[in-house]
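I have placed the structure first, in the form of structure tokens, so that the comments after it can refer back to it.
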Amino acid sequence: KGPRRAPFRLGPHGPVEVAFVWKGLIASGFGKLLGARGVILLVAVLGASAFLASPRGDLAAHIVGSTVLPLWVFAAVMGASAVRSDLRLDQRYLDVLRALPVPGERLVRGEILGAWLPLVAVQWLLLPVVAASTLWMSFPLTSRAAVLVAAAVLGPALALVSLVLQNAVVVLLPGWIPQDP
């Protein structure tokens, strides 16, 4: 595909985890959405959510809500399997990574954060659209708000647990993971 744009300028000093987050954002392609493109995407999602929440968008809100809710569930439950910009991507370079003058827990933390942050962003971008859908407009506002807050917390938590487990398998049982790209 060619070189990918860096998500932000990486300084020569700072926490080591930031370098691995940087690498993960580039590997996942999410770095392209930081900056003006990300702002445009956010405005588009919020504008679509506002239209869907209006009385004119009832049918569209039902259709879009029926589509976006399963996407959010997929991002929360199976997203960690789809995003492979962590140690699973770097498995063939584990010997090189072990030779770096970086503590192992910081390396693993950075690798996991680099894959987790795009998953959280996708989940949180889908939540306003889910909130505007007519699937659950019959519920009281407080119940809907509670469900959305719970989804905003539990979805990223599920993705994090899944990423930790998958990266633990790479570290503890590297022979179980295929090395072919």
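Name the residues in segment 117-139 that are modelled with pLDDT of 85 or more and open to solvent by 50 Å² or more (accessible area, probe 1.4 Å), would you?
Filtering segment 117-139 down to residues modelled with pLDDT of 85 or more leaves 117-127.
117, 122, 124 - these are the residues of segment 117-139 that are modelled with pLDDT of 85 or more and open to solvent by 50 Å² or more (accessible area, probe 1.4 Å).
Pairs needed: first member in segment 147-161, within 13 Å of residue 118 (Cα to Cα); second member anywhere, polar (S, T, N, Q); C-beta distance under 9 Å; at least 6 residues apart or different chains.
The qualifying pairs are 155/123; 156/123; 159/123.
Taking the condition of being at pLDDT below 85 and either surrounded by 12 or more Cβ atoms within 10 Å (Cβ to Cβ) or in contact with a helix residue (DSSP H, G or I) (Cβ under 8 Å, 6 or more places away or on another chain) (or both), how many residues in segment 144-181 meet it?
Residues in segment 144-181 being at pLDDT below 85 and either surrounded by 12 or more Cβ atoms within 10 Å (Cβ to Cβ) or in contact with a helix residue (DSSP H, G or I) (Cβ under 8 Å, 6 or more places away or on another chain) (or both): 7 in total.
Give segment 79-99 a look and list any residue that's of a type in the set (A, V, I, L, M, F, W, C) and touching a helix residue (DSSP H, G or I) at 6+ places or on another chain (Cβ under 7 Å), or say none. Give the steps one after another, and end with the answer.
Start the filter on segment 79-99 by keeping residues that are of a type in the set (A, V, I, L, M, F, W, C), which leaves 80, 82-83, 87, 89, 94, 96-97, 99.
Hits for segment 79-99 are 80, 83, 87, 89, 94, 97.
If we keep just the residues of segment 107-116 that are of a type in the set (A, V, I, L, M, F, W, C) and either at pLDDT below 85 or open to solvent by 30 Å² or more (accessible area, probe 1.4 Å) (or both), which is nearest to residue 21 (Cα to Cα)? Talk me through it step by step, then tell me what you get.
Residues of segment 107-116 that are of a type in the set (A, V, I, L, M, F, W, C), as a first pass: 107-108, 112-113, 115-116.
Then drop every residue that is not either at pLDDT below 85 or open to solvent by 30 Å² or more (accessible area, probe 1.4 Å) (or both), which leaves 108, 113, 116.
On the way: 108: 10, 113: 6, 116: 9 Å.
Filtering first and then ranking leaves 113.
Select from segment 74-101 the residues that are outside any loop (DSSP other than H, G, I, E, B) and open to solvent by 70 Å² or more (accessible area, probe 1.4 Å) and write down the one among them that is farthest from residue 171 (Cα to Cα).
Of segment 74-101, the ones outside any loop (DSSP other than H, G, I, E, B) are 74-77, 79-82, 91-99.
Among the residues that remain, those that are also open to solvent by 70 Å² or more (accessible area, probe 1.4 Å) are: 74, 77, 92-93, 95-96, 98-99.
Numbers: 74: 25, 77: 22, 92: 12, 93: 12, 95: 11, 96: 13, 98: 11, 99: 14 Å.
Here the residue is 74.
The values are calculated or read from the model by the stated rules, or taken from the named source; none is laboratory data. Being a predicted model, the structure only gives us computed values, none of them experimental. All Cβ positions, glycine included, derive from the backbone under ideal geometry; neighbour counts span all protein chains shown. The accessibility values were calculated without ligands, DNA or RNA, using every heavy atom of the protein model including side chains. Shrake-Rupley method; radii C 1.70, N 1.55, O 1.52, S 1.80 Å.
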